[in-house]
Each structure stands twice: as C-alpha cells, then as structure tokens.
Amino acid sequence: MIWKNPEPLNISRTISSAFNSNLILNRELAKKDLRTTADCQAYLDPTAYRQTSPFSFPEMRLAVKRIIDAINNGETIGIWGDFDVDGQTSTSILLKGLTQMGANVIFHIPNRATESHGIQIDAFKSFLKLGPSLILTCDTGISDHASIEYAQSIGVDVIITDHHTLPDPLPCAYAIINPHQLPANHPLSYLAGVGAAFQVIRALNITGKFGFNVENLYDLVALGTIADLAVLKSENRFYAQMGLKQMNQNLRTALKSLLSVSKNKNSMITENTIGFNMAPRLNAAGRLSDANENVNFLLSSDKEYCLDFAQGLEQLNHMRKLSVNAILQSVQDMIKQDPSLITTNDCAIILQIKGWERGVLGLAAGNLADLFKRPVILLNIDGKKASGSARSVDGIDITAAIRENEEYLIRYGGHPMAAGLSLPTEKLADFSFNLKKSVQNQASKISKDKKFNIDHYISFSNIGSRILNELAQLAPFGQGNPSPVFASRNLEIIKIKPFGSAKKHIQITLRDRDGNTQQVIKWNSEFQSIPLDHVDVAYHIQPDEYRGKNTVILEYIDHRESIPNTTQPDALTYQIEFEDHRHDPDELRSLDKIIKSSDNIQIWFEGIKKPEGIATKDRIQLQKKEELIILTAPPSYKALNKIFETAQAKIVYFFGLRSNPDEMNLFLKNLGGLIKYCLNNKITSVSLNTIAAQLCHTEEIIILGLSWFNANGNISTSYDLKGNVNINIASNPPKTDLTIIEQKIKNSLNETSSFRSYYLRVDPESLLIKDNER
C-alpha cells in the first residue's frame, strides 16, 4: 500500500490555543472541522453535548399522539423487532419504556430459521391474533409493504421505526420514523435502529405525561449502536459515550453476566468490549436459536437467571464459531473441486449450496470478502428458494447493486456493506450474471492505487499515559470516527515471535534510534519474519484493557523499508532530471541511442527473461552513477525508491518494457525453479532480497510463495532476522489446504500489478515524489 502523509490542516487559533499542550488533539479536532472551544467541548465531553429534538422527524408528533391514545385507552401495543443486537436492544427499549409509561405491551422477534428477516405475513398474522391494535416495528418494516397493508386493512395501525434504506414507494404505515427522512448530516441522520426506536421514547417523555428516566436506557442504545457498526457522529457518538460511561459505573446484570461467563478480565468496558465480546454472544441467539428471550435477559435484574442464560449464550457462540468454520471449509472444498467458481475476472463471488446454516452466512461471507477483496454472497438452497447474506468491501455498495437487480428477487434489504436476500433458484443464473455487472460498474470508478492515510508520525518516547488520555477523549472509535493511524520511522527489529494458543499471531519487538522499545502485535499472520533491517511501521494504539491503566497495545497495520533520506519531512522530492521513453514507438531503439551517448550509465532490470545483448543490474548490483535507466516497471514504490536511493543518479530515463505478467501460476513456476536450483546446488540459505530481485517481486510476495511450497509439502523453511531463508527438502510433511494462501498470493500479485500499471501511466513527476510524502 502507498502511505499518504498527514495533510496540512487549517487549525483555528482558538483550538490551537486551547489544546496547544496536547500531542494529537489539535489535529484530530481540526480534522473533524470543529472550530470553536464549545464545539470541541461538546465533542469530547458528552455532558456538554446539546441533544437534538426527536420531533425533528416529520411524523414524530403523529406517532406520539397515537401511542398516547393507545396508552390512555388501554389498547394492547405490539412490538415487532429483529433478531440482531440492534433489533434486540430496540425491542428492549420500547418494551421497557412503554411498560414504564403504563402501556399494555407484547412483543415478537422473528425466528431467523423459520421466519427470516422482516415481517413475514404468516408469522405477522399469528402475532396479530394476540390482539394488538397498534404495532411499533423496530429495526425493520420499511420494506414490508404487504404486511403493513394487511394490518391497516384490519384496523391495526403500524408505526415503523427503522433505519434501513427508504424504498420507493414508502409503505402505507400510520407513521414512519426513519433517519433517512432527514437531511444528510443532520445530527439524527446516522441513527441505528435502536436510535430510531429510542427517539420515540424520548419524544413521549418530553411531553411530560410520563415520569420516566430515559437516561437509564443509554447503555442499551450504545450496545445496539456500536454492535450495528453505526456511524459514530453527533447523536450516535453521544449515546455511545454516555452508554459506555454508564456500563463502567453501573453495569446492568445481564451484561455483567456475559462478561463473567466469557471470563473477560478487562479493566474497562470499551467499544471493543461490545464489538468483540457482548455483541457476538447476543447475536448467536438470533443466528442459531430464538432471540425473543434475549429481550427478557437484557431487562432482567435476577443474577441467577442472568448467569444461567449467559451460559447458554456462551454455548451458542461456540456453536456459531463452529458453523462459520464449517461453511468456510465447505467453500474451500467447492473451490478446490471447481476453481472456475472464483475467477480473477469476477468482481463478486456468489456461491450457493443446500444445507448451509443460514444464521451465520453473513459472518462467513464477511470472512471471504476480506480474503478475496471483493463482495461475497452466500446462499442456502431450500427447495425452490435460495436465501442468504451478502458482505461487501470498501467502495462497493452491495445493497445498491442488489437493488438494480430486484426483478429477480423475492425480497432484500440492507446497508452498503451488508445485505440479506432471497430469490427463486430458477433465477439464480440471471441474478448472478447481472449482479456482477452491477458491481463491475461500481468497481470501475474506484481508484486502483491503494493508499492509506498516516494521521501522526510519533516517536516511541511519546507512547504512554499522555497519548492514552487523549485517545480516551477521542473515543469511542468506529464508523465515522476511525482510530488514528500512527507511524514511527527507522525502527530496528529486535525480535519476532509467534504467540497465542495456536501461534496464529506475531509479536514484533522494535527499537527506535533513541533506544526506546515497543512491541507491535500482528494479528492472524502466518509470516514468521519481516525480512528488513530497518522499517517504518504503521499501527493503532490501543489501551491494554487487561493489564490496566497506562499500558498499551500497538496493533500492526503495515510496514515498509526505512529509507534514511526519507525520514526528514522537508525532503519533498528527488532533485533529478528525467526523460520519459515509456511510450516510445520503438523503445529498444531509444535505449540503444542513450547507451551509446553516455559512458557513465547503468541499466536497472529484474526478471527471469533478461533482454539479450544488454548489460543490466538488479537491486543488489546497483551502484552510484550519474545516469540511470529503469527498463521495466518495479514491483512497488518501495522498490522504486530504493533504486533511486542506491543509484543517486542525476538523470533518470524511464522505460516501460513489458515483463512477465503477475499471474500466480507463472510466479509459482518461476519461484519453484529457483527453489529447485538452490536444492540441486546445495544452497540451503539464501537472501530473500536475492530471490525477490531475480523475480522482480517484493520480499513479502516471496514469503507467501515459499509458504505455498511449505503448505504443499515440497519444502520446509525457516527465517533469520537478517532476511535470509533456509530451504530444505521436506521430510514427509502432511499437505494442507492451499485455498487461503493462494488467494493471499493473488491479492499481493494484484497489488504489484496495480503498481506496475500505475508506473506505466502516471506522469514522471509523480514517480519522483519521495515515498514518505505520498
């Protein structure tokens, strides 16, 4: 990936003066376009935030009047929720609030296995037989025209509270409370389903007819908001802040039981506690069982009942993990039997089979989308119907792509990154073909140059209680408020060791130029070495919630080779003259002229097939010379910068001779040839840089390739901290599945191919910008 340095920000004098003693607050607040101390105070301190009126919703007064009439007349109010944490908390808040206000309330959350998402008409008719004259939906209902029309036709009013995308036309409900009805950037426009439901309770309370303390529900609002990955801006941020504060001061019995049963020993409850501990366990019931009892659990103060129920959720969560792994293994088996199911040209993956556990298809699809770097849809076949879930990647609105093909569907709904859908099996082929076209149309507008922003360059000496305190003020982090990306330069690798029960993670000990050391955690990594002497490392800083106050965890994001001359931020560009011959009609003729006209020139080239009759040098052989020819595209910006740094040329000639395509089979063939050469000549230890130079690839891709041969049972390898790999013939090792490692190789080769394409088309000035200024 290309590192993009922090951009200059217009920090107001007021903010600069108020926060001049801080390390990062000035810049972080300016990034959020906060201009006054009052704005900053409201952002950092929720007690200073001024809440937005729930009557901002155009139909809120209508909804409130109807609910008050129902309470006064003794009508039965029905709540129809959803089975994820957002839906569970929404249902709980409406049930608690309305009951405390004197209403007669019943509720129902659909069973995912038998009823699926939304308001299925048969289940809805059964619920209506219980006698409600008013229905409030929460986290669902906005796309259920037929069911709502049916209710209205028999005299049952429906008030929809939901946050999913508005359909056209809207259902004929009595009233609709949906954040999409509000202007973009309105403080309430980011609400999750639980936030929309909570606005109804707030509005009822504001009327003054009921003595109910809505602040006691902030923890449930925070739980649903964070679990649903809602944008943490404005009102959502306020609820997250207040809810987490409430949890840390007076944790409700149900949530305390969850943490106790899961043996969570963290000293503080944060957004991570919700996202990685509480939410998965609560969601497990909705995925594999019945989430209705979760509502009673969340509202209960009975310690014995809550502990017993939490034990059940823990078991369901374990079953959830097993079910996801079973689907992932099934997908790997499908691909192994038929590799054409996932082709390089496909911009989306759609797979279907009979017998998949529907409740966890979304989780499995999310794992596969992360692995294959493209949207994934997994569908379970049940008779003549296919139902399942979709997960997307940044830049692709999967629900919009599905909506373009709704003619093939029975029903669908979701967000840009996730969706649920069902369709007749007879329409699967047409849907798959056209869905991929819709995704391709979106993908064609996305830049292929992968970049990520560095927010702050800091030294290890600044990592401590001070920066943790500032991060705590900026938290909670999530959608719309990402955790800052930090980076440190010119670090020496002291030690690398795997850790965890299955040795799935890596702990890297690093030392800076001043002798300060830190450990960086690289989660879920199969690499056993980072083969560079000195590196720049990008990471997140997290409080170590297990060890307590003022201790940190640095979470690895990316690394690159540290280039000494690029450590000063004022070194903007290389002072180099250049000639561009990348698109000459006859590049070899132009090359010959340049060679004949100079006696102090060297030619950089890497790859298996060297051009005949031309003396070339690779990255290891380069020397300092006045003039440099770059004959073909390097594999990365890091490699390009290293060429410039080593040669220190005053004139550079850019050429674009085509080398071998970055295809996995060809890459493995060439790497296999080098491995065979080493073994035949009893070369047991070789520099990774040497192999990378031979093949014109990055060392990271070489490590992936070596791990493929390891997994295939051909060789065994080990690494040292000097960047050398020891290669030996494997002695009867068991073969392992290659699907995941092959996909990682493809992903890395795609990144290399994207850079080579970028090299061929971008203006030379952009190629001469130093790597640390990108």
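The values are calculated or read from the model by the stated rules, or taken from the named source; none is laboratory data. From a predicted model like this one, the values you see are computed outputs, not experimental measurements. Cβ sites come from the backbone with ideal geometry, for glycine too, and all protein chains shown count toward neighbours. Each accessible area value is taken on the protein alone, full model and side chains, heavy atoms only, with ligands, DNA and RNA left out. Shrake-Rupley method; radii C 1.70, N 1.55, O 1.52, S 1.80 Å.
Here is how the numbers come out for the structure above:
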{"quantity": "Check: the range 65-173 dipole with +1 on Lys, Arg Cβ and -1 on Asp, Glu Cβ, in debye", "calculated": "360 debye"}
{"quantity": "Lysine pair count for the range 240-332 [Cα-Cα under 21 Å; pairs on different chains or 8 or more apart]", "calculated": "7"}
{"quantity": "Student exercise, the range 234-346 dipole from Lys, Arg, Asp, Glu Cβ charges, in Debye to nearest 20", "calculated": "460 debye"}
{"quantity": "Potential lengthening between residue 268 and residue 308 on full extension [0.36 nm per residue; Cα-Cα distance subtracted]", "calculated": "12.0 nm"}
{"quantity": "Coarse-grained scattering of the range 218-321 at q = 0.12, 0.19 Å⁻¹, given as base-10 log I(q)/I(0) from a Debye sum over alpha-carbon atoms", "calculated": "-0.36, -0.93"}
{"quantity": "Over 16 Å [Cα-Cα, the range 6-136], rounded percent", "calculated": "73 percent"}
{"quantity": "Quarter of the Cα convex hull surface for the range 401-536, i.e. its orientation-mean projected area (nm²)", "calculated": "13.1 nm²"}
{"quantity": "Relative packing of peptides 668-681, 303-316 - highest average C-beta neighbours within 10 Å first", "calculated": "303-316, 668-681"}
{"quantity": "Net length gained if the chain between residue 300 and residue 512 were fully extended (0.36 nm per residue, minus Cα distance)", "calculated": "71.1 nm"}
{"quantity": "Listed residue (49, 299, 715) projecting farthest to the positive dipole end of the chain, Cβ model", "calculated": "715"}
{"quantity": "Cα-projected label distance for residue 10 with residue 394, points at 7 Å along beta-carbon direction, nm", "calculated": "2.6 nm"}
{"quantity": "Calculated [θ] (222 nm, deg cm²/dmol) that DSSP helices of n ≥ 4 give over the chain, each run adding -39,500 (n - 2.57)", "calculated": "-12000 deg cm²/dmol"}
{"quantity": "Relative contact order of the range 657-774, pairs being alpha-carbon contacts under 8 Å that are 6 or more residues apart, as %", "calculated": "27 percent"}
{"quantity": "Listed pairs 638/722; 617/638; 336/676 exceeding 21 Å between Cα atoms", "calculated": "336/676"}
{"quantity": "Eligible lysines near residue 65 by straight Cα distance, threshold 28 Å, same-chain separation 8 or greater", "calculated": "96, 125, 129, 209"}
{"quantity": "Computed E for residue 330/residue 35 - FRET, C-beta separation, R0 35 angstrom, nearest 0.05", "calculated": "0.05"}
{"quantity": "Total formal charge among the other residues, if their Cβ is under 9 angstrom from that of residue 196, Lys/Arg +1 and Asp/Glu -1", "calculated": "-2"}
{"quantity": "Lys/Arg +1, Asp/Glu -1 at C-beta; the chain dipole; positive extreme among 409, 690, 595", "calculated": "690"}
{"quantity": "Cβ crowding within 10 Å averaged over residues, with 580-589, 273-282 ranked highest first", "calculated": "273-282, 580-589"}
{"quantity": "Ellipsoid equivalent to the range 650-747 - semi-axes via the Cα gyration tensor, in Å", "calculated": "25, 17, 12"}
{"quantity": "Computed E for residue 53/residue 716 - FRET, C-beta separation, R0 41 angstrom, nearest 0.05", "calculated": "0.05"}
{"quantity": "Cut-off 11 Å (backbone N to label point 7 Å along Cα→Cβ of residue 621), residues of the range 677-699", "calculated": "694"}
{"quantity": "Solvent accessible area, Å² - residue 242, 1.4 Å probe, full protein context", "calculated": "30 Å²"}
{"quantity": "Quotient of C-alpha Rg and 2.2 N^0.38 Å, computed over the range 89-245", "calculated": "1.03"}
{"quantity": "Segment residue 149-residue 504, length gained on full extension (0.36 nm per residue, minus Cα span)", "calculated": "122.5 nm"}
{"quantity": "Size of electric dipole in the chain: Cβ of Lys, Arg +1 and of Asp, Glu -1, about Cα centre, debye, nearest 20", "calculated": "1160 debye"}
{"quantity": "Furthest towards positive pole of dipole, 88, 244, 418, structure part the chain, Cβ charges", "calculated": "244"}
{"quantity": "Equivalent-ellipsoid semi-axes of the range 170-235, from the Cα gyration tensor, Å, largest first", "calculated": "20, 18, 11"}
{"quantity": "Debye equation applied to the C-alpha atoms of the chain, log10 I(q)/I(0) at 0.05, 0.07, 0.10 Å⁻¹", "calculated": "-0.31, -0.60, -1.15"}
{"quantity": "In the range 387-481, lysine pairs with alpha-carbon atoms under 16 angstrom apart (chain gap of 8 or more, or interchain)", "calculated": "4"}
